[in-house]
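A.B. asks: Okay, here's the structure, questions in a sec.
The values are calculated or read from the model by the stated rules, or taken from the named source; none is laboratory data. Note that the structure is a prediction, hence the values are computed from the model and not measured. So basically every Cβ, Gly included, is an ideal-geometry build from the backbone, and we count neighbours across all protein chains shown.
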Amino acid sequence: MSEVRPIDPVAVPGECVALPCAQPARARRERLAVRLREGVAVLATAPESVRNRDTHHPYRFDSHFFYLTGFAEPEAVLVLVAGATPRHILFCRPRDPDRELWDGRRHGPEAARVRFGFDEAYPIDELDARMPDLLADQPVLHCVLGESAAWNQQVSGWLAAVRVRARSGVRAPDLLAEIRGPIDEMRRIKDAGEIATMRRAAAISGRAHRRAMHAALPGRHEYEVEAELLHEFRRSGAQAPAYPSIVAAGANACVLHYVENDAALRPGELLLIDAGCELDGYASDITRTFPIDGRFTGEQRALYECVLAAQAAAIAAVAPGASWQAPHDAAVAVLARGFVDLGLLQGPVERVIESGDYRRFYMHRTGHWLGLDVHDAGEYKDRESGDWVRLQPGNVTTVEPGCYVRPGEGVPERFWNIGIRIEDDVLVTEDGCEVLTPDAPKAVADIEAWMRERPRA
Ligand code: GLY
Ligand code: MN
Ligand code: MN
């Protein structure tokens with residue numbers, strides 16, 4: 001009988017060479033080190049999270065950690081020594097044939113060092129033993145402050161271990177500095193590789209919206225439409241939705257974070273879909289609103305055209321040097337005028353804006369940064385001046401005005417329960433902006449034409 005060779009669960013296929021993500025991640029770490037000037041930065045990836053009993057949520061790395069490493073495994077810590085002799089160090093899970101048989105392959109420190117462009121890499125269970133040496137005589141420890149008691153305790157342990165060496169002339173860091181601010185600022189400007197990934201994510205989500213529109217037949221349910229979105233995301237290689245998909249028919253669209261997705265689709269109502277995939281860590285975020293039976297009613301159309309015009313005005317205000325607030329102000333101006341013209345609010349328009357009365361029907365802001373997180377890292381106001389930040393080439397923001405009419409006193413009944421949002425992802429360019437999500441139809445004529453082409457059930 002021939003010898004039965006055990007499978008080798010730990011064999012990581014492929015040569016041990018630097019991966020394409022290694023170079024940009026290393027360049028980011030180098031820029032961060034220059035920005036920090038001195039000290040040691042320590043950043044852990046996200047913990048695994050139990051869903052129930054012994055089953056975990058699908059693992060998602062920490063966005064800051066991934067931005068600086070490209071490394072997607074759990075139980076990993078980046079240590080970056082800034083200053084005259086920088087060191088890029090990764091702590092990660094060691095190879096373990098038993099665990100890899102059950103849980104999947106690991107790189108292990110040596111392969112991770114080469115593939116992800118580190119100077120040194122060690123098993124994660126050596127972190128506590130090595131940190132006191134790494135912190136000795138360093139003036140600053142840059143890390144995440146105040147996020148979890150366990151992390152605070154671990155950091156305190158390292159500092160205490162350095163302090164006990166005081167009689168040998170070793171000094172512990174005098175300063176603890178929050179590491180997220182500087183990384184947030186870097187993440188606000190996307191590089192060419194990030195923009196390329198976001199374009200691909202946007203294209204997948206655009207296709208998913210087109211598919212979902214064709215699937216939204218009267219009599220079906222919101223979850224059936226959600227399934228079409230997920231189908232298109234996964235068949236296109238996206239790893240997951242970037243956030244829980246909102247598929248909201250009729251009055252459900254007036255619940256801003258509606259996620260039940262269990263209602264039947266009724267003719268005569270609108271369907272609002274806010275959904276986008278995450279591809280290789282990067283989010284897309286698209287909202288479309290369209291009539292379930294393929295044709296807008298007069299009231300739906302009037303409100304829809306108002307939101308669409310608000311979105312066009314907001315997108316036109318996205319340009320380098322413009323205030324972050326400019327697209328929001330542009331959207332509010334158009335919406336307020338529309339609300340008065342349609343009899344939802346009493347004019348004059350200036351008073352509707354100044355008093356904030358428009359918030360009865362438009363209660364959220366017009367956008368947010370988009371990137372590794374759907375609500376991405378980065379400040380909106382300058383810390384020193386307190387002014388809204390200025391848009392810069394490489395920023396990606398959503399532009400997502402809406403209108404949500406709940407039944408109420410003084411609200412014309414013909415508009416009750418109409419909820420509309422139109423959302424695109426917009427890149428600030430050198431001379432203006434580019435909509436990254438043009439594929440899903442949004443002009444009334446384009447929506448109605450696309451709906452006419454849908455296959456009958
Ligand atoms: N989908 C989340 C948002 O639009 O902010
Ligand atoms: Mn959004
Ligand atoms: Mn959205």
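A.B. asks: Residue check, GLY237 against (1) part of a loop (DSSP other than H, G, I, E, B); (2) at negative phi, all met but one. Which one?
C.D. replies: (2)
A.B. asks: I've got another one for you. So, SER284, is that one polar (S, T, N, Q) and over 22 Å from HIS368 (Cα atoms) or not? Walk me through how you get there before you give the answer.
C.D. replies: Working: polar (S, T, N, Q): yes; over 22 Å from HIS368 (Cα atoms): no.
Criteria not met by SER284.
A.B. asks: Okay, next question. Picking from ARG200, ARG207, ARG288, which residue would you name as being over 13 Å from the mean Cα position of the chain (by Cα) and either part of a strand (DSSP E or B) or within 16 Å of ligand 2 (Cβ to nearest atom) (or both)?
C.D. replies: Only one candidate passes the filter, namely ARG288.
A.B. asks: Looking only at the stretch 274-283, filter to residues that are of a type outside the set (Phe, Trp, Tyr) and farther than 13 Å from GLU400 by Cα; which one of those is farthest from ligand 2 (Cβ to nearest atom)?
C.D. replies: Restricting attention to the stretch 274-283, the residues satisfying the condition of being of a type outside the set (Phe, Trp, Tyr) are 274-281, 283.
Next cut, farther than 13 Å from GLU400 by Cα only: 276-281, 283.
Numbers: GLY276: 8, CYS277: 14, GLU278: 13, LEU279: 16, ASP280: 19, GLY281: 17, ALA283: 9 Å.
Looking at the filtered set, the residue picked out is ASP280.
A.B. asks: Within the group ALA336, ALA331, ALA377, which residue is under 29 Å from PRO244 (Cα atoms), hydrophobic (A, V, I, L, M, F, W, C) and not in a loop (DSSP other than H, G, I, E, B)?
C.D. replies: After ruling out the rest, the residue left standing is ALA331.
A.B. asks: Considering the stretch 273-325 alone, what residues qualify as being among the aliphatic types (A, V, I, L, M), farther than 15 Å from ARG421 by Cβ and either within 16 Å of ligand 1 (Cβ to nearest atom) or touching a residue at least 60 places away in the same chain (Cβ under 8 Å) (or both)?
C.D. replies: Step one: filter the stretch 273-325 for residues among the aliphatic types (A, V, I, L, M), giving 273, 275, 279, 283, 286, 292, 302-303, 307-310, 312-319, 322.
From what's left, farther than 15 Å from ARG421 by Cβ: 279, 283, 292, 302, 313, 316-319, 322.
Those that are among the aliphatic types (A, V, I, L, M), farther than 15 Å from ARG421 by Cβ and either within 16 Å of ligand 1 (Cβ to nearest atom) or touching a residue at least 60 places away in the same chain (Cβ under 8 Å) (or both): LEU279, ALA283, ILE292, VAL318, ALA319, ALA322.
A.B. asks: Further, regarding this structure: Determine, yes or no, whether GLY367 is modelled with pLDDT of 95 or more, closer than 22 Å to ALA316 by Cβ, within 16 Å of ligand 1 (Cβ to nearest atom) and small (Gly, Ala, Ser).
C.D. replies: Yes: the conditions hold for GLY367.
A.B. asks: Being of a type in the set (A, V, I, L, M) and assigned to a loop (DSSP other than H, G, I, E, B), is that true of even one residue in the stretch 405-413? Can you show your working first?
C.D. replies: Step one: of the stretch 405-413, the residues of a type in the set (A, V, I, L, M) are 405, 411.
Still in the running and assigned to a loop (DSSP other than H, G, I, E, B): 405, 411.
Scanning the stretch 405-413 turns up at least one residue that is of a type in the set (A, V, I, L, M) and assigned to a loop (DSSP other than H, G, I, E, B).
A.B. asks: How about the stretch 428-457: which of its residues are part of a strand (DSSP E or B), touching a helix residue (DSSP H, G or I) at 6+ places or on another chain (Cβ under 8 Å) and more than 24 Å from TYR362 (Cα to Cα)?
C.D. replies: Answer for the stretch 428-457, where residues must be part of a strand (DSSP E or B), touching a helix residue (DSSP H, G or I) at 6+ places or on another chain (Cβ under 8 Å) and more than 24 Å from TYR362 (Cα to Cα): just CYS433.
A.B. asks: Next question, about the same structure. Could you count how many residues in the stretch 262-285 are surrounded by fewer than 20 Cβ atoms within 10 Å (Cβ to Cβ) and in a loop (DSSP other than H, G, I, E, B)?
C.D. replies: Of the residues in that region, 6 qualify.
A.B. asks: Suppose the filter is closer than 21 Å to GLY276 by Cβ and among the β-branched types (Val, Ile, Thr); does VAL428 pass it?
C.D. replies: On the way: closer than 21 Å to GLY276 by Cβ: yes; among the β-branched types (Val, Ile, Thr): yes.
Yes.
A.B. asks: Moving on to the next point. Somewhere in the stretch 368-385, is a residue within 16 Å of ligand 3 (Cβ to nearest atom), of a type outside the set (Ser, Thr, Tyr), surrounded by 14 or more Cβ atoms within 10 Å (Cβ to Cβ) and farther than 19 Å from ARG188 by Cβ?
C.D. replies: no
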